[in-house]
1. Quick one: how many residues across segment 197-210 are open to solvent by 20 Å² or more (accessible area, probe 1.4 Å), out of contact with any strand residue (DSSP E or B) (no Cβ under 7 Å at 6 or more places or on another chain) and not polar (S, T, N, Q)?
2. Quick check on SER148: is it in contact (Cβ under 8 Å) with a residue 12 or more places away in the chain, more than 30 Å from ARG41 (Cα to Cα) and not acidic (Asp, Glu)?
3. Within segment 220-236, work out how many residues are farther than 29 Å from LEU124 by Cα, buried (at least 18 other Cβ atoms within 10 Å of the Cβ) and touching a Leu at 6+ places or on another chain (Cβ under 7 Å).
4. Do any residues in segment 9-22 that are in contact (Cβ under 8 Å) with a residue 60 or more places away in the chain have Cβ atoms under 7 Å from those of residues that are open to solvent by less than 90 Å² (accessible area, probe 1.4 Å) and assigned to a loop (DSSP other than H, G, I, E, B), where the two are at least six apart or on different chains, and which pairs are they?
5. Scan segment 119-143 and report the pairs whose first residue is closer than 14 Å to ILE170 by Cβ and whose second residue is in a helix (DSSP H, G or I) and open to solvent by 60 Å² or more (accessible area, probe 1.4 Å), with Cβ atoms within less than 7 Å and a gap of 6+ or a chain change.
6. Conditions: (1) in contact with a strand residue (DSSP E or B) (Cβ under 9 Å, 6 or more places away or on another chain); (2) open to solvent by 60 Å² or more (accessible area, probe 1.4 Å). GLU272 meets all but one. Number of the miss?
7. When you go through (1) touching a strand residue (DSSP E or B) at 6+ places or on another chain (Cβ under 8 Å); (2) surrounded by fewer than 24 Cβ atoms within 10 Å (Cβ to Cβ); (3) more than 29 Å from ALA308 (Cβ to Cβ) one by one for LEU177, which number turns out not to apply?
8. What single numbered condition from (1) among the polar types (S, T, N, Q); (2) out of contact with any Pro (no Cβ under 6 Å at 6 or more places or on another chain); (3) closer than 26 Å to ILE34 by Cβ fails to hold for ASN280?
Amino acid sequence: MHSSLPTAASLYDRVRRVIPPIEWPAFTDDIDAILTLRRERNAVILAHNYQTPEIFHCVADIVGDSLALARRAMSTEADVVVLAGVHFMAETAKLLNPDKTVLIPDLDAGCSLADSITASDVRLMRQRYPGVPVVTYVNTSAAVKAESDICCTSGNALAVVESLGAPRVIMLPDEYLARNIAAQTKIEIIAWKGHCEVHERFTPADIRELRQAYPNVTVLAHPECPPEVVAEADFAGSTAAMSDYVGRHRPARVVLMTECSMSDNVAVEHPEVEFVRPCNLCPHMKRITLANIRAALERNRHVVTVDAEVAGRARLAVERMLAV
């Protein structure tokens with residue numbers, strides 16, 4: 001799977017614009033160890049767009065948003081999948097790769113959105129709105145997915161909602177994503193009160209201040225931001241869509257209203273673009289480090305399991321989404 005083994009020394013060129021030389025030696029031992037362990041264990045490392053550059057650009061085999069990671073994990077021949085991201089992503093990887101060992105380097109890498117709703121909450125919503133289909137964002141536990149009709153991501157939410165052919169849809173758990181999708185469709189959307197602790201902190205005033213301080217800046221916002229933030233932005237889309245936008249349009253100056261590390265990771269690919277960085281960190285994503293990725297591979301920790309009955313129903317909701 002890994003034809004010739006790179007070394008930490010050969011990888012520094014990729015990230016020299018975002019990691020100062022003085023910091024690099026702190027990463028090299030772990031990087032070299034991970035590259036060796038990855039080969040020995042026939043492992044694949046999946047890294048979300050919010051991972052730091054030394055993980056994203058130096059040890060990951062597959063990078064992207066949560067949908068890309070879920071999809072591409074299915075096509076790998078690896079025996080072991082290490083998910084450099086948060087717990088619901090590791091569960092989704094396990095749902096789609098039941099025969100692989102899936103590891104998450106830190107069990108406390110959670111998600112405020114995923115924690116905002118439980119399986120019993122979904123059952124209560126179904127009682128309150130009988131017959132209304134339930135669309136659940138992938139940023140949820142397997143137990144919540146199992147209570148849903150179909151999953152969605154921020155990138156495909158509109159297509160998923162419209163694929164159901166229903167006049168009303170329950171959309172869980174992100175209130176802002178639901179409201180942002182409602183603005184693009186005639187379908188009535190019933191929302192839940194969940195929020196992402198990173199994206200809910202951005203305000204329209206932040207954007208106005210950025211435009212004043214950085215003339216001609218292009219503002220890209222994630223649809224987990226409040227609708228009034230999305231309204232002030234030049235473009236709104238998933239992390240994959242934001243990255244694609246920068247690649248296609250090559251704005252001279254850009255700001256991404258999302259998690260901090262995303263800007264660093266996109267900047268590596270586009271040295272000609274100036275990135276303005278309003279920094280909101282995800283404390284959960286930042287629990288994943290080179291050291292605990294290495295420990296995960298050395299000690300086979302922490303193995304992600306999903307109850308078989310829950311997994312079967314949750315997998316169905318994810319597969320229906322992939323079919324859209």
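1. If we filter segment 197-210 for residues that are open to solvent by 20 Å² or more (accessible area, probe 1.4 Å), which is where we start, we get 197, 200-201, 203-206, 208-210.
Filter once more, so that each one left must be out of contact with any strand residue (DSSP E or B) (no Cβ under 7 Å at 6 or more places or on another chain): 197, 200, 203-206, 208-209.
Going one step further and asking which of them are not polar (S, T, N, Q), we end up with 197, 200, 204-206, 208-209.
Within segment 197-210, residues that are open to solvent by 20 Å² or more (accessible area, probe 1.4 Å), out of contact with any strand residue (DSSP E or B) (no Cβ under 7 Å at 6 or more places or on another chain) and not polar (S, T, N, Q) number 7.
2. Values: in contact (Cβ under 8 Å) with a residue 12 or more places away in the chain: yes; more than 30 Å from ARG41 (Cα to Cα): yes; not acidic (Asp, Glu): yes.
Answer is yes for this residue.
3. Of the residues in segment 220-236, 2 are farther than 29 Å from LEU124 by Cα, buried (at least 18 other Cβ atoms within 10 Å of the Cβ) and touching a Leu at 6+ places or on another chain (Cβ under 7 Å).
4. Within 7 Å, the pairs are ARG14/HIS57; ARG14/CYS58; VAL15/HIS57; VAL15/CYS58; ARG17/PRO271.
5. VAL134/ARG126
6. The single condition GLU272 does not satisfy is (1).
7. That leaves (2) as the condition not met.
8. For ASN280, the failing item is (3).
The values are calculated or read from the model by the stated rules, or taken from the named source; none is laboratory data. Computed from a predicted model, the values in this text were never measured in an experiment. Please note: Cβ atoms are built from the backbone with ideal geometry, for glycine as well, and neighbour counts cover all protein chains shown. With ligands, DNA and RNA removed, areas are computed over all heavy atoms of the protein, side chains included. Shrake-Rupley method; radii C 1.70, N 1.55, O 1.52, S 1.80 Å.
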